[in-house]
Amino acid sequence: MGRLDGKTAIVTGAAQGTGEVIARLFADEGAQVVLGDIQHDRGKQIAEEIGGSARFAHLDVRREEDWSAIVAETTEAFGGIDVLVNNAAILLLAPFDEISREDFLRIVEVNQLGPFLGIQAVLPSMKERDGGSIVNIASTDGIKGMNGVAAYASSKWGVRGLTKSAAIELGRYAIRVNAVCPEAGNPNMSAPFFPGNPDLSDVPHRMMQKILKAPGTPVPGSRLKDVANMALFLASDESQSCTAADFVVDAGLTAGWYQEGVPSA
């Protein structure tokens with residue numbers, strides 16, 4: 001018996017990276033999944049690989065008409081919506097004084113406006129089904145500061161605020177809203193901002209290396225699978241008491257720093 005048996009989920013940004021891993025895991029756990037993305041070929045391929053419990057739908061998360069269309073298509077195919085995973089996001093790495101107004105707003109439109117429109121779009125269906133779970137994929141950049149991510153971090157801090165406000169308002173309908181804050185998503189999101197656009201797929205988890213005291217040693221398993229497992233928990237009925245919360249998946253990154261020379265284990 002799957003942990004999401006009988007549930008229907010929309011996962012945005014599902015044509016690659018974290019969204020793809022979440023969509024596949026949800027389907028494995030019994031959910032009917034609609035993969036929303038602007039990457040048609042890749043999205044359709046993944047849906048076909050998953051099988052009859054999945055389908056692809058075009059979704060530009062900035063556009064209300066696209067949200068209306070994916071909600072209508074999901075409802076027609078599967079009867080309604082129980083889970084929404086707002087995962088779609090774009091990244092900008094740039095010095096603070098080189099970020100243009102247009103670049104800043106482009107990040108905010110996808111990363112912050114997109115989840116807002118998504119929550120509004122699925123709300124009627126979740127009300128009809130007497131509840132639901134909304135999982136917003138935020139970031140540890142929405143918890144701490146870092147150089148080079150002023151636009152991206154601003155949007156992810158905004159996602160956390162949206163999560164808490166929506167949870168307070170929608171709790172009366174038995175709709176839970178939570179945020180997952182990973183240390184990193186698809187590592188290749190960062191590749192275009194480095195010389196030569198390197199393949200970063202196998203970059204090991206920095207903080208986990210420190211915890212294991214094994215620099216340069218790849219960490220078993222997938223970082224993205226850890227994020228997907230957290231999204232699965234929040235989408236399932238196992239997390240009925242969880243709402244308006246941040247669930248950090250960062251191998252201790254935001255806990256602090258190990259100070260060399262200080263007496264300790």
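Tabulated values for the structure
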{"item": "GNM top mover of Met230, Met126, Met146 - the chain, alpha-carbon springs below 10 Å", "result": "Met146"}
{"item": "Helical contribution to [θ] at 222 nm, DSSP H n ≥ 4, -39,500 (n - 2.57), averaged over the chain, rounded to 500", "result": "-12000 deg cm²/dmol"}
{"item": "The stretch 1-79: proportion of alpha-carbon pairs further apart than 19 angstrom, %", "result": "27"}
{"item": "Relative contact order (%) - criterion: Cα under 8 Å, at least six apart; region: the chain", "result": "18"}
{"item": "Set Lys156/Lys225; Lys44/Lys164; Lys44/Lys156; Lys144/Lys164 screened for pairs whose C-alpha atoms are more than 24 Å apart", "result": "Lys44/Lys164; Lys44/Lys156"}
{"item": "Convex hull of the stretch 22-171 built on C-alpha atoms - directionally averaged projected area, nm²", "result": "9.5"}
{"item": "Sequence-distant aspartates and glutamates (8 or more away, or on other chains) whose Cα lies within less than 17 Å of Lys127", "result": "Glu76, Asp82, Glu169, Asp237"}
{"item": "Under-5 Å amide H pairs with Arg176, H placed in peptide plane, nonlocal only", "result": "Gly132, Ser133, Ile134"}
{"item": "Along the chain, longest interval not containing exposed chymotrypsin sites (Phe, Trp or Tyr not before Pro), exposed being DSSP loop plus at most 14 other Cβ atoms within 10 Å", "result": "1-256"}
{"item": "Taking the stretch 34-161 and dividing mean pair separation by its residue count, relative contact order in percent (alpha carbons under 8 Å, at least six apart)", "result": "26"}
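Quick note: the coordinates plus some simple rules give every number you see, no bench work behind them. All of these numbers come straight from a predicted model, not from anything done at the bench. All Cβ positions, glycine included, derive from the backbone under ideal geometry; neighbour counts span all protein chains shown.
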